[in-house]
1. Given the residues ALA110, ALA132, which is the only one that is aliphatic (A, V, I, L, M) and touching a Lys or Arg at 6+ places or on another chain (Cβ under 7 Å)?
2. Please indicate, with yes or no, whether at least one residue in region 15-23 is in a strand (DSSP E or B), farther than 23 Å from VAL188 by Cβ and in contact with a strand residue (DSSP E or B) (Cβ under 7 Å, 6 or more places away or on another chain).
3. Taking the condition buried (at least 16 other Cβ atoms within 10 Å of the Cβ) and among the aliphatic types (A, V, I, L, M), does ALA75 pass?
4. Hey, can you tell me all the residues within region 1-36 that are of a type in the set (Gly, Ala, Ser) and touching a helix residue (DSSP H, G or I) at 6+ places or on another chain (Cβ under 9 Å)?
5. What pairs can you find where one residue is in region 14-27 and under 12 Å from ASP45 (Cβ atoms), the other is of a type in the set (Asp, Glu), and their Cβ atoms are less than 8 Å apart, with a gap of 6+ or different chains?
6. Might you check whether a residue that is of a type in the set (A, V, I, L, M) and in a loop (DSSP other than H, G, I, E, B) occurs anywhere in region 184-194?
7. Could you tell me which residue of region 81-97 is farthest from ARG137 (Cα to Cα), considering only residues that are within 17 Å of the chain's Cα centre (by Cα) and crowded, with 20+ Cβ neighbours inside 10 Å?
8. Could you say which residue among VAL30, VAL46 is touching a Lys or Arg at 6+ places or on another chain (Cβ under 9 Å) and either more than 27 Å from PHE185 (Cα to Cα) or part of a strand (DSSP E or B) (or both)?
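Just so you know, all these numbers are worked out from the coordinates, no wet-lab data involved. The model shown is predicted, which means the values in this text are computed figures rather than measured ones. So basically every Cβ, Gly included, is an ideal-geometry build from the backbone, and we count neighbours across all protein chains shown.
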Amino acid sequence: MSGAAHNTVQFKDEAGGFADGPLQSVCREVRFSEELDYARSLIPDVRAGEYERHFLYIKAGFDAYLVWDRIGDGADSVWNLHTLSTEAEVAAQTIDAACLGGMRLGVHIAEPALPVITTGKGAAGGAYPLAAQQHFRVHAHAGEDYVVLLHPRAAGAPALQLEQLECEDAGDGVRLYKLCRADGFWCVAALNGSGQARRVHIPGGTPLRLLGTAEMAMAEFTEDRAKKVGTTEPGSEIYGNVESGSVIRGDAASGILNLEPGSIQIAVPL
């Protein structure tokens, strides 16, 4: 098995090439919900000081995958992408590939901020009608993270837009990204790459609802907290409609997200 497989990170070895990584990882967290699936894994690569992958499937009308590879120190690296395509448009931070079956794959590379993207080709495993497919590599320096949005869609369907948001109180290591559909509906991804908990005001002050946390919030309801159901009092720790599962945690309804170290949250407007 090649370490340059689809959607994997390889680190530079002593000879200057990119080495195969470990065949197994350590799953640290998994969550599934109607709007968001999430997995967090430790990748025990000896050439990375620390390497933790966050993989999110954002449903809720977006149908996109967000990958955050949180990397501490180590060696220079590459992020491999195989697209089952023979044609693609490559810009400074995006790849838009024409794939099999009338599909397109939109790739937004949010991090590294100024990526070097190289293009090659290789075999297509499986019974695909391609003698070779395009291989892309995104290059990063030692210790740089990867934040990549993958958006598969039918040819002719509108692409998603991704932009970074400025936030004065974010602090070092905290990044905010806004993902926007063609109809204007959006979500925000908040990443805390620092070693400290952070309380972040999302620009605009729009009331928010976290995706993928309703079940957890419902499980934390106590008799006293349940009395707050249906209220919209500022400072309410948890409120909402328990029966419908529409539960809001923390300060999201005030446009504030509480981020634990090394965590990521996805929120949409209320």
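1. Numbers: ALA110 fails: touching a Lys or Arg at 6+ places or on another chain (Cβ under 7 Å).
Just a single option satisfies the conditions, and that option is ALA132.
2. Of region 15-23, the ones in a strand (DSSP E or B) are 18.
Going one step further and asking which of them are farther than 23 Å from VAL188 by Cβ, we end up with 18.
Narrowing the set further to residues that are in contact with a strand residue (DSSP E or B) (Cβ under 7 Å, 6 or more places away or on another chain) leaves 18.
Checking region 15-23: at least one residue is in a strand (DSSP E or B), farther than 23 Å from VAL188 by Cβ and in contact with a strand residue (DSSP E or B) (Cβ under 7 Å, 6 or more places away or on another chain).
3. Numbers: buried (at least 16 other Cβ atoms within 10 Å of the Cβ): yes; among the aliphatic types (A, V, I, L, M): yes.
So ALA75 passes the test.
4. Pass one, region 1-36, residues of a type in the set (Gly, Ala, Ser): 2-5, 15-17, 19, 21, 25, 33.
Once the filter is applied, which keeps residues that are of a type in the set (Gly, Ala, Ser) and touching a helix residue (DSSP H, G or I) at 6+ places or on another chain (Cβ under 9 Å), region 1-36 yields only SER33.
5. Taking only residues 6 or more apart or on different chains, the pairs are ALA19/ASP13; GLY21/ASP45; PRO22/ASP45.
6. Our first condition is that a residue be of a type in the set (A, V, I, L, M); within region 184-194, this holds for 188-191.
If we keep only those that are in a loop (DSSP other than H, G, I, E, B) too, we end up with none.
So far as region 184-194 goes, no, none of its residues is of a type in the set (A, V, I, L, M) and in a loop (DSSP other than H, G, I, E, B).
7. Within region 81-97, the subset within 17 Å of the chain's Cα centre (by Cα) is 81, 93-95.
Okay, now just the ones that are also crowded, with 20+ Cβ neighbours inside 10 Å, so 81, 95.
Details: LEU81: 6, ILE95: 11 Å.
The qualifying residue farthest from ARG137 (Cα to Cα) is ILE95.
8. Details: VAL46 fails: touching a Lys or Arg at 6+ places or on another chain (Cβ under 9 Å).
Just one listed residue meets the conditions, VAL30.
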